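A short reminder: the numbers here are calculations on the coordinates, not readings from a lab. Not measured: the values here are computed from a predicted model. Note: ideal-geometry Cβ built from the backbone for every residue, glycine included; neighbour counts use all protein chains shown.
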Ligand code: DGY
């Protein structure tokens, strides 16, 4: 056994803990809620490895309290909760879990797109409230998904997986991202500017990572560019969309509907105006939530951590 000590901030599924235990001494936060800051600050003091969740704020303060930390491995693809520059400065390597969650997250995005355009939220609410009356030709009429135009903001792995599904629904596909991809253009989806995408799409899916540049990427000006019949779907991170602007756009009919798997703040309080907008359908950050995918994420994060501590290349590094 090595001299390494690993702090695990939440019980991961599958054989992740076993993999970690074979490599080092481990300490696992035992509760069914995110670890509190003071416990993490105490436990990280002697740790060489950190197995983290997206709910852990990994900033200068935490890293200052971790003088022996060599490796951080996050059980998520998004690492916006980690100050990567601070890790680089300290020579800490960082891993994450791309690929294994791509298709599962794209499934959820597609489900949300259909839910928003076809008014699932209002329909479910009516059934539960005993408001389902006789069949009515004008009741909860929404918009088609098949044959419509899809705009994808952020054309990485998940964005491309959403586009593959859209092809089966005979959709025209636009995407925007920092760099145009020639290879992808020849396969069908067309690169456009954000402005063009917002103006032309019937469904706009936000699937880009959160950074200082993309925070509130979708605000009032962007929502106003969208068609009044269009839906906005956010599967990236809550702060990509300005929630106040979104409430206003949903209430004034500037856009038709929204479906959010991520919110700002998260979890969203039941008193938040978005939670009571009838045309806003919210799921609680379920993008990767299937047994197979969460197990694959947990085990990939464990392998990343073990490899990093041994000085071997990680399967999925963010900072190698
Ligand atoms: C991620 O991995 O970043 C997701 O948000 C959780 O599946």
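Structure data summary
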| quantity | calculated |
| --- | --- |
| Tally, over region 262-303, of residues that are over 21 Å from residue 18 (Cα atoms) and away from the ligand (no atom under 13 Å from the Cβ) | 18 |
| Residue match in region 122-140 (condition: touching a helix residue (DSSP H, G or I) at 6+ places or on another chain (Cβ under 9 Å) and buried (at least 18 other Cβ atoms within 10 Å of the Cβ)) | no |
| Residues satisfying the stated conditions in region 205-245, i.e. in a helix (DSSP H, G or I) and either within 16 Å of the ligand (Cβ to nearest atom) or more than 18 Å from the chain's Cα centre (by Cα) (or both) | 220, 221, 222, 223, 224, 225, 238, 239, 240, 244, 245 |
| Verdict on residue 107 being more than 17 Å from residue 261 (Cβ to Cβ) and either surrounded by fewer than 22 Cβ atoms within 10 Å (Cβ to Cβ) or in contact with a strand residue (DSSP E or B) (Cβ under 7 Å, 6 or more places away or on another chain) (or both) | no |
| Unmet requirement for residue 259, which otherwise passes all of (1) within 16 Å of the ligand (Cβ to nearest atom); (2) closer than 23 Å to residue 142 by Cα; (3) surrounded by fewer than 18 Cβ atoms within 10 Å (Cβ to Cβ) | (3) |
| Selection count, region 57-109, where residues are under 27 Å from residue 14 (Cα atoms) and within 16 Å of the ligand (Cβ to nearest atom) | 29 |
| Some residue of region 141-156 being within 16 Å of the ligand (Cβ to nearest atom) and assigned to a loop (DSSP other than H, G, I, E, B) | yes |
| For residue 117: the one exception among (1) in contact with a helix residue (DSSP H, G or I) (Cβ under 9 Å, 6 or more places away or on another chain); (2) over 20 Å from residue 290 (Cα atoms); (3) in contact (Cβ under 8 Å) with a residue 40 or more places away in the chain | (1) |
| Options 315, 299: the member that is assigned to a loop (DSSP other than H, G, I, E, B) and at negative phi | 315 |
| Per-region count, region 271-291, residues exposed (fewer than 15 other Cβ atoms within 10 Å of the Cβ) and touching a helix residue (DSSP H, G or I) at 6+ places or on another chain (Cβ under 8 Å) | 1 |
